[in-house]
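The values are calculated or read from the model by the stated rules, or taken from the named source; none is laboratory data. Computed from a prediction, not measured in an experiment: that's the story for all the values here. Virtual Cβ from ideal backbone geometry, glycine too; neighbours counted across all protein chains shown.
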Amino acid sequence: MPRPAPQIALLVAAALLAALATQPLAAQPPLTQRPNVVLILADDLGFSDVGCFGGEIETPNLDRLAREGTRFTQFYDNAKCTTTRASIVTGLWPQWPHHLTAEIPTVGERLQAAGYATALIGKWHLGHGDDTHPAKRGFDRVYGLLDGCCNFFDPGRPDPKFKGGRVRWFTDQLERVTEFPDDYYTTEAFTDAAVAWVGSVAREEGPFFLHLCYTAPHYPLHARPADIAKFRGRYRELGGWLPLREERYAKQREFGLVDDAWALTDTDRNAYDWEAADQDWEDLRMATYAAMVHSMDREIGRLLATLDELGIADDTLVLFLSDNGGCAEEPGGRDTARTPGPVDDYTAVGPAWGWAQNAPFKRHKSWLHEGGITTPLIARWPGQVPAGRIERQVGHLVDLLPTFLDLAGAEPDPSLPGRSYAPVLRGATREAPERLCWFWAGNRAIREGDWKLVWDNRDKVWELYDLAKDRCETTDLAAAHPDRVAAMSARWADWLASCGREPPR
Ligand SMILES: [Ca+2]
């Protein structure tokens, strides 16, 4: 009997892999070893910026992470730096007026109690007081920015174009740092600190928890000239944000990240006319942003190589996500006399690029449409997290702390709003959250099942979407379902009250 041609064997193997990729896997056997956890957070990175989520920016290390792990298409953040970090660190919905108080235990304290070595490297943004400084709140190693953003080349420099020229609060353990060496660049310095710390704890008894929070690609647009040069001209040649969005959407359909039935949204109201824009300057803005993403990926590659060299990659769960969607803010203005990139400039990508960065979704950071709150989550844990898979089960930041407690073998805390996402990470099915809610800058949203009710505080009206059919939020069903709108908006108000906040007028 003739042997099957190699091509046929390959086709059969590909079909089997495709079937595996779309079927829920059986639950994995119980864990025998507690993993190290590396939680990498990017800042203001759009849903589709990295290659494995449809982006044109070269991100070979994150693409490798996706090949060796799973990508998640319905994992949610809180639309903003502070609120997202609050939920990661406390496991709670954002609490007003203070996200972190002495009474609220942190993920660092909880994992220390479970026997983990802990580090917070990069951006914290939850304060620097006795109750809020990470070195006083459960992290053995602390290095980085305690404020919201800083100059990448010289974090000690006041930024005259932003919030009155305040000098950022940078820390090394409890020592404030104001002087930085020549050739400093935050993305690289954070990685240096992370690599050194992992090397110091990897051979100790017990696992570690590294929370590595890059400030990239949040503004100001600062990148090394050699990285900018790799992207310069590409965005002008492509023809701006509308073709960029189409190109990313096409790639996402090819990958199976989006549903072919979803319609791309109309042009965002804050996007402007490419034909009338200074196209060369716009190209430089986006090329500099791409360079920041690209260099972050290169640094993540250094950390992954360290895990390999130490022989601990198989014992380590690596998670990568963004704190919110691409950003429409424009500190520094749309001043084409500026030159994005170097230390003495202060520029952002602006609302048109910031919207395209969230393709195929609607709106930006601070808004609660899917473009503001959907994070490109990647998880890798060889032998535990299925490789090459795309997962669509809904999850939220509040699930992370229960996940870490679960993996650490610690007692679950039923007072926390989230539930362990570990079964989903490991390829099994878990019961979907009953309800997810958001509030930021007057914007409001609640998701129950596939129904999502969302309020844009400029329009001041509830919109209702069926996300299973319309994840891009193009067809408002509120007028057809007034009872559902009333019931969901009442439950949203109850949720807000539970977070200590008065209902907005
Ligand atoms: Ca952010």
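Condition first: more than 15 Å from ALA79 (Cα to Cα), in contact with a strand residue (DSSP E or B) (Cβ under 8 Å, 6 or more places away or on another chain) and assigned to a strand (DSSP E or B). Can you find one or more residues in the range 355-374 that meet it?
For the range 355-374, residues more than 15 Å from ALA79 (Cα to Cα), in contact with a strand residue (DSSP E or B) (Cβ under 8 Å, 6 or more places away or on another chain) and assigned to a strand (DSSP E or B): absent.
Which residue pairs have Cβ atoms closer than 8 Å, lie 6 or more positions apart in sequence or on different chains, and pair a first residue in the range 79-92 that is modelled with pLDDT of 95 or more with a second residue that is within 12 Å of the ligand (Cβ to nearest atom) and small (Gly, Ala, Ser)?
ALA79/GLY325; ALA79/SER366; ALA79/GLY372; LYS80/SER366; CYS81/GLY148; THR82/GLY148
Kindly establish whether GLU237 is surrounded by fewer than 16 Cβ atoms within 10 Å (Cβ to Cβ) and closer than 24 Å to THR288 by Cα. Please lay out each step first, then the result.
Details: surrounded by fewer than 16 Cβ atoms within 10 Å (Cβ to Cβ): yes; closer than 24 Å to THR288 by Cα: yes.
Judged against the criteria, GLU237 is a match.
ASP172: charged (D, E, K, R) and at negative phi, yes or no?
Values: charged (D, E, K, R): yes; at negative phi: yes.
So ASP172 fits the description; yes.
Scan GLU434, GLU411 and give me the residue that is under 21 Å from ASP470 (Cα atoms), over 18 Å from the mean Cα position of the chain (by Cα) and surrounded by fewer than 20 Cβ atoms within 10 Å (Cβ to Cβ). Step through it out loud before you land on a result.
Details: GLU411 fails: under 21 Å from ASP470 (Cα atoms).
Going through GLU434, GLU411 in turn, just one is under 21 Å from ASP470 (Cα atoms), over 18 Å from the mean Cα position of the chain (by Cα) and surrounded by fewer than 20 Cβ atoms within 10 Å (Cβ to Cβ): GLU434.
Mind telling me which of the residues PRO340, PRO382 ends up being surrounded by fewer than 22 Cβ atoms within 10 Å (Cβ to Cβ) and more than 19 Å from the chain's Cα centre (by Cα)? Working first, answer last.
Values: PRO340 fails: surrounded by fewer than 22 Cβ atoms within 10 Å (Cβ to Cβ).
Exactly one of PRO340, PRO382 is surrounded by fewer than 22 Cβ atoms within 10 Å (Cβ to Cβ) and more than 19 Å from the chain's Cα centre (by Cα), namely PRO382.
Going by what's in this entry, would ASP476 be described as assigned to a loop (DSSP other than H, G, I, E, B), at pLDDT 95 or above, surrounded by fewer than 17 Cβ atoms within 10 Å (Cβ to Cβ) and in contact with an Asp or Glu (Cβ under 6 Å, 6 or more places away or on another chain)? Outline the logic, then answer.
On the way: assigned to a loop (DSSP other than H, G, I, E, B): yes; at pLDDT 95 or above: yes; surrounded by fewer than 17 Cβ atoms within 10 Å (Cβ to Cβ): yes; in contact with an Asp or Glu (Cβ under 6 Å, 6 or more places away or on another chain): yes.
In short, yes.
Do any helices (runs of 4 or more DSSP H) entirely within the range 37-155 hold 2 or more residues that are touching a His at 6+ places or on another chain (Cβ under 9 Å) and away from the ligand (no atom under 14 Å from the Cβ), and if so, which? Even if it seems obvious, please write down each step before you answer.
Values: elements: 60-68, 81-90, 107-113.
Output list reads 81-90, 107-113.
Taking interchain pairs and intrachain pairs at least six residues apart, which have beta carbon atoms under 7 angstrom, with the first residue in the range 121-148 and among the polar types (S, T, N, Q) and the second more than 16 Å from the ligand (Cβ to nearest atom)?
From residues that are among the polar types (S, T, N, Q), the pairs are THR132/LEU100.
Condition first: among the aliphatic types (A, V, I, L, M) and in contact with a Phe, Trp or Tyr (Cβ under 7 Å, 6 or more places away or on another chain). Now tell me which residues in the range 44-78 satisfy that. Working first, answer last.
Restricting attention to the range 44-78, the residues satisfying the condition of being among the aliphatic types (A, V, I, L, M) are 45, 50, 57, 62, 65-66.
Selection gives LEU62, LEU65.
Considering each residue of the range 319-337, count those that are in contact with a Lys or Arg (Cβ under 9 Å, 6 or more places away or on another chain) and over 26 Å from ASP63 (Cβ atoms), and give that number. Lay out the reasoning, then the answer.
We begin by selecting, within the range 319-337, every residue in contact with a Lys or Arg (Cβ under 9 Å, 6 or more places away or on another chain); these are 319-320, 323-329, 331-333.
Still in the list and also over 26 Å from ASP63 (Cβ atoms): 328-329, 331-333.
Here the count works out to 5.
What single numbered condition from (1) assigned to a loop (DSSP other than H, G, I, E, B); (2) exposed (fewer than 15 other Cβ atoms within 10 Å of the Cβ) fails to hold for ALA226?
(1)
PRO331 is checked against (1) within 16 Å of the ligand (Cβ to nearest atom); (2) surrounded by 24 or more Cβ atoms within 10 Å (Cβ to Cβ); (3) more than 21 Å from the chain's Cα centre (by Cα) and fails just one. What number does that condition carry?
If we test PRO331 against (1) within 16 Å of the ligand (Cβ to nearest atom); (2) surrounded by 24 or more Cβ atoms within 10 Å (Cβ to Cβ); (3) more than 21 Å from the chain's Cα centre (by Cα), just (2) comes out false.
Considering each of GLU448, GLU463 in turn, give the residue that is closer than 25 Å to ASP259 by Cα, in contact (Cβ under 8 Å) with a residue 24 or more places away in the chain and touching a helix residue (DSSP H, G or I) at 6+ places or on another chain (Cβ under 8 Å).
Result: GLU448 is the single residue among GLU448, GLU463 that is closer than 25 Å to ASP259 by Cα, in contact (Cβ under 8 Å) with a residue 24 or more places away in the chain and touching a helix residue (DSSP H, G or I) at 6+ places or on another chain (Cβ under 8 Å).
Return yes or no: is ALA348 more than 18 Å from PHE320 (Cα to Cα), at pLDDT 95 or above and either more than 16 Å from the ligand (Cβ to nearest atom) or assigned to a helix (DSSP H, G or I) (or both)?
Values: more than 18 Å from PHE320 (Cα to Cα): yes; at pLDDT 95 or above: yes; either more than 16 Å from the ligand (Cβ to nearest atom) or assigned to a helix (DSSP H, G or I) (or both): no.
Considered against the rule, which asks whether it is more than 18 Å from PHE320 (Cα to Cα), at pLDDT 95 or above and either more than 16 Å from the ligand (Cβ to nearest atom) or assigned to a helix (DSSP H, G or I) (or both), ALA348 comes out as no.
Okay, residues lined up against (1) farther than 20 Å from ARG176 by Cβ; (2) at pLDDT 95 or above; (3) among the polar types (S, T, N, Q):
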{"position": "ALA117", "(1), (2), (3)": "yes, yes, no"}
{"position": "PRO134", "(1), (2), (3)": "no, yes, no"}
{"position": "ARG141", "(1), (2), (3)": "no, yes, no"}
{"position": "LEU146", "(1), (2), (3)": "no, yes, no"}
{"position": "PRO160", "(1), (2), (3)": "yes, no, no"}
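Suppose the filter is within 28 Å of VAL38 (Cβ to Cβ) and either assigned to a helix (DSSP H, G or I) or free of Cβ contacts under 8 Å to residues at least 60 places away in the same chain (or both); does SER489 pass it? Walk me through how you get there before you give the answer.
Working: within 28 Å of VAL38 (Cβ to Cβ): no; either assigned to a helix (DSSP H, G or I) or free of Cβ contacts under 8 Å to residues at least 60 places away in the same chain (or both): yes.
No; evaluated as a whole, the condition is false for this residue.
Within 16 Å of the ligand (Cβ to nearest atom) and buried (at least 18 other Cβ atoms within 10 Å of the Cβ): is that true of VAL318 in this structure?
On the way: within 16 Å of the ligand (Cβ to nearest atom): no; buried (at least 18 other Cβ atoms within 10 Å of the Cβ): yes.
No: the conditions fail for VAL318.
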